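Okay, so here's the structure we're looking at.
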Amino acid sequence: MAKFGKNSSKEMPAISTSSLPDIVFMLLFFFMVTTSMRETENKVTIRLPQASEVVKLERKDLASYINIGSPIAPLQAQFGTDARIQLNDSFKTTKDIRDFVAAERDAMSEADKSFMTVVIRCDQQVHMGIVSDVKQELRRCSALKIMYCANKTAK
């Protein structure tokens, strides 16, 4: 009977944590690889119009974005409610588009400069006069590949 008796003096062995740092670093590496950082912060409200035909960008790193719309609520006291042009993280005028395109081209490699695409994200309620002015300025600085951002309609 002594073989089956319980020994209360035995303690539970400690759990081995030697592989825990490996698991933590694997998770950290996974999230670093799969996440992408937001390049710019939207300072204008944009409700995109509906589109019937949509073309997806092949390389998003070659796209430069121009946002056109009214400023977001916290910035309306400073900039008003009229439609504004946002280039990167600041409000600009149509005269600043030439410098914006030049800076974007300089940041690209020589082989990719010809594939640069300008994407115009414009609010539904923006007057076409502003969009026309932006397009004219893009023509003057030879940025001729232009795409318009829109929501895909449900079929």
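The values are calculated or read from the model by the stated rules, or taken from the named source; none is laboratory data. A quick note: this is a predicted structure, and the numbers were derived from the prediction, not measured. Glycine gets a Cβ as well: all are built from the backbone with ideal geometry, and neighbour counts include every protein chain shown. For accessibility, only protein heavy atoms count, side chains too; no ligands or nucleic acids. Shrake-Rupley method; radii C 1.70, N 1.55, O 1.52, S 1.80 Å.
In nm², what is the average projected area of the convex hull enclosing the Cα atoms of the chain?
Values: hull surface 80.3 nm².
Convex hull of Cα atoms, orientation-averaged projection: 20.1 nm².
Which trypsin sites (Lys or Arg not before Pro) from region 10-102 combine a DSSP loop assignment with at most 12 other Cβ atoms within 10 Å?
In loop regions of region 10-102 (DSSP not H, G, I, E or B), the sparsely surrounded trypsin sites (Lys or Arg not before Pro) are LYS10, ARG38, ARG47, LYS56, ARG59.
Relative to the first principal axis of the alpha-carbon coordinates of the chain, what is the inclination of helix 20-34, with its axis defined by its Cα atoms, in degrees from 0 to 90 and to the nearest 10?
Result, in degrees: 10.
Which pairs break 20 Å Cα to Cα here: LYS56/LYS92; LYS60/LYS113; LYS92/LYS113; LYS60/LYS92?
Check vs 20 Å cut-off fails for LYS56/LYS92; LYS92/LYS113; LYS60/LYS92.
Running a GNM on the chain with Cα contacts under 10 Å, which residue among GLU53, GLU41, GLU11 ends up with the highest mean-square fluctuation?
GLU11
Relative to the first principal axis of the alpha-carbon coordinates of the chain, what is the inclination of helix 97-106, with its axis defined by its Cα atoms, in degrees from 0 to 90 and to the nearest 10?
It works out to around 50 degrees.
At 1.4 Å probe radius, can you tell me the per residue accessible area of region 76-144 in Å²?
I get 60 Å² per residue for this part.
Check SER70: other-chain or 5+ apart residues with amide H under 5 Å from its amide H, H built from backbone geometry?
For SER70, the qualifying residues are THR45, ARG84.
Mind putting a number on the dipole of region 12-142 about its Cα centre? Charges go on the C-beta only, +1 for Lys and Arg and -1 for Asp and Glu, and I need it in Debye to the nearest 20.
360
By how many nm would the segment from THR93 to MET147 lengthen if fully extended, with 0.36 nm per residue of separation less the alpha-carbon distance?
Numbers: separation 54, 0.36 × 54 = 19.44 nm, distance 1.98 nm.
Stretched fully, the THR93-MET147 segment lengthens by 17.5 nm.
Over the chain, what is the mean sequence separation of C-alpha contacts under 8 Å (at least six apart), divided by residue count, expressed as relative contact order in percent?
Here the relative contact order equals 28 percent.
Report the calculated FRET efficiency for VAL54 and LEU75 (r = Cβ-Cβ distance, R0 = 41 Å), to the nearest 0.05.
Numbers: r = 30 Å, r/R0 = 0.73.
According to the calculation, E is roughly 0.85.
Sequence-distant or interchain residues sharing an amide H contact under 5 Å with SER64, placed H: which?
So SER64 has HN proximity to THR117, VAL118, VAL119.
Using a cut-off of 15 Å between beta-carbons, work out the net charge of the residues near GLU58 (Lys and Arg +1, Asp and Glu -1, GLU58 not included).
Result for the local shell: +2.
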